[in-house]
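Scroll down for the structure; my scribbles are underneath it.
Values in this text are rule-based calculations from the coordinates and carry no lab data. This is a predicted model, so every value here is computed, not measured. Methodologically, a virtual Cβ is constructed for each residue, glycine included, from the backbone with ideal geometry; neighbour enumeration extends over all protein chains shown.
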Amino acid sequence: MLNDKSILITGGTGSFGKKCIEMILNKYNPRRIIIYSRDEYKQFMVRDKFSKKLTAEQFSKLRFFIGDVRDKDRLYRAFKDVDYVIHAAAMKQVPACEYNPFEAVKTNIHGAQNVIDAALDRGVKKVVALSTDKAVNPINLYGGTKLVSDKLFISANAYSGRDGTVFSVVRYGNVAGSRGSVIPFFKSLIDSGCKELPITDFRMTRFWITLEEGVELVFKALEESRGGETYISKIPSFKITDLAKAMLPDCTLKEVGIREGEKIHEVMITKDDSRNTYEYEKHYIIYPHFDWWNSRGKIAPGGKPVEDCFEYNSGTNVDWLDVEEIRKRLVKLELED
């Protein structure tokens with residue numbers, strides 16, 4: 001699929017971008033990978049890391065572009081002769097978005113529009129945009145901006161024409177072990193000698209997904225999407241209290257209260273979306289429901305409609321990790337730097 005193709009990753013110096021680059025180079029033989037981001041220091045660090053880790057041939061395929069998704073002119077230049085775009089750039093930290101709302105809107109919403117315009121005008125074949133569980137029934141500004149972003153990418157297919165750019169969305173929650181998530185937070189407390197771990201709410205649950213699984217879902221979207229789909233992986237849930245016990249078996253737990261903008265459970269598919277959702281062996285797809293969207297030939301084979309009022313919720317999931325299984329997964333987990 002990606003052999004001899006040009007791929008551009010916005011936000012390519014982040015956790016997802018670095019893993020995506022590795023997996024593309026291990027699985028395919030692309031013509032080039034453009035790493036597009038605005039932070040010159042991260043660009044330097046990623047260049048240095050890959051210069052030591054990759055073969056000379058693999059490293060020669062990387063292109064490091066300094067640029068911001070807010071800058072449409074720079075995107076137009078970067079998108080020249082690009083086949084596929086993976087849009088991972090975003091302001092993601094909830095408190096930062098709350099305190100800097102206009103900046104979040106510029107990056108997450110205006111930036112999404114710029115990516116869409118550049119892809120349409122430059123003849124990009126496919127664009128896959130990364131979403132988040134926080135875009136589902138959002139209760140914070142980050143989630144609100146990502147909801148708008150998702151809607152923009154899905155509706156962009158109305159402008160593509162029959163053979164134009166195909167836009168789709170991939171949605172998942174916090175990645176296990178990623179920077180800023182609960183696992184490295186607990187680890188830092190344990191390493192400092194803490195015997196008591198703080199839990200915001202004892203009822204709290206989350207989905208477990210690794211960076212590798214997130215990238216594989218993007219590959220599926222790049223390969224199969226026809227336009228307008230939202231892909232969601234079928235993954236297990238875990239209790240935050242069980243995670244704490246897996247990381248520090250003899251710890252005591254202290255409930256400290258839920259933080260602003262935080263949810264008890266992660267929701268990936270709402271009951272209202274169930275009418276347009278199909279279940280597959282390893283994932284779900286939410287299809288568009290618009291007058292202009294023709295489902296003929298666009299429903300991927302092998303799926304079946306979910307039951308009415310189905311909700312994909314980490315608290316009501318059928319697949320769960322117990323303490324022992326969490327412990328096994330932690331051993332294999334590579335924490336993000």
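Remarks
- Dipole axis of the chain (+1 Lys, Arg; -1 Asp, Glu on Cβ), positive-most option in I240, W320, S37: S37
- Lysine pair count for segment 192-316 with Cα-Cα distance under 14 Å and sequence separation of 8 or more or different chains is 8.
- Legend: residue pairs K18/K187; K42/K125; K19/K126, Cα-Cα distance threshold 24 Å; pairs beyond threshold, K42/K125.
- With respect to the chain, whose longest principal axis is taken over its alpha-carbon atoms, helix 323-332 is tilted by about 50°.
- Pairwise centroid distance, computed over Cα atoms, of segment 12-37 with segment 62-84, Å: 15 Å
- Each peptide among 325-332, 297-304, 47-54, 152-159 gets the average number of other Cβ atoms lying within 10 Å of its residues, and from highest to lowest they stand as 152-159, 325-332, 47-54, 297-304.
- In degrees, nearest ten, helix 211-224 long axis to first principal axis of the chain (Cα): 30 degrees
- Of the options (1) 40, 20, 18; (2) 32, 25, 19; (3) 32, 20, 19, only one is semi-axes √(5λ) of the Cα gyration tensor in Å as computed from these coordinates, and that is (2).
- Within segment 1-160: Cβ-based charge dipole about Cα centre, in debye rounded to nearest 20 (Lys, Arg +1; Asp, Glu -1): 440 debye
- Under 5 Å between amide hydrogens, built in the peptide plane, is the criterion, and for E266 it picks out T205, F207, S314, G315 among residues at least 5 positions away or on other chains.
- Residue-by-residue Karplus 3J(HN,Hα) for segment 119-129, coefficients 6.51, -1.76, 1.60, Hz, glycine and proline x: 5, 5, 6, 8, x, 4, 6, 9, 10, 10, 9
- For the chain, share of DSSP beta bridges that run antiparallel, in % to the nearest 5: 30 percent
- Size of charge dipole - the chain - debye, nearest 20, with Cβ of Lys, Arg +1 and Asp, Glu -1, no other charges: 960 debye
- Loop-located chymotrypsin sites (Phe, Trp or Tyr not before Pro) in segment 272-337 (DSSP state other than H, G, I, E, B) with a sparse environment of at most 12 neighbouring Cβ atoms within 10 Å: F290, W292.
- This model, with +1 at the C-beta of Lys and Arg and -1 at the C-beta of Asp and Glu, gives segment 194-337 a dipole about its Cα centre of some 140 debye.
- The chain: angle of helix 40-53 to the longest principal axis, Cα-based, in degrees nearest 10: 90 degrees
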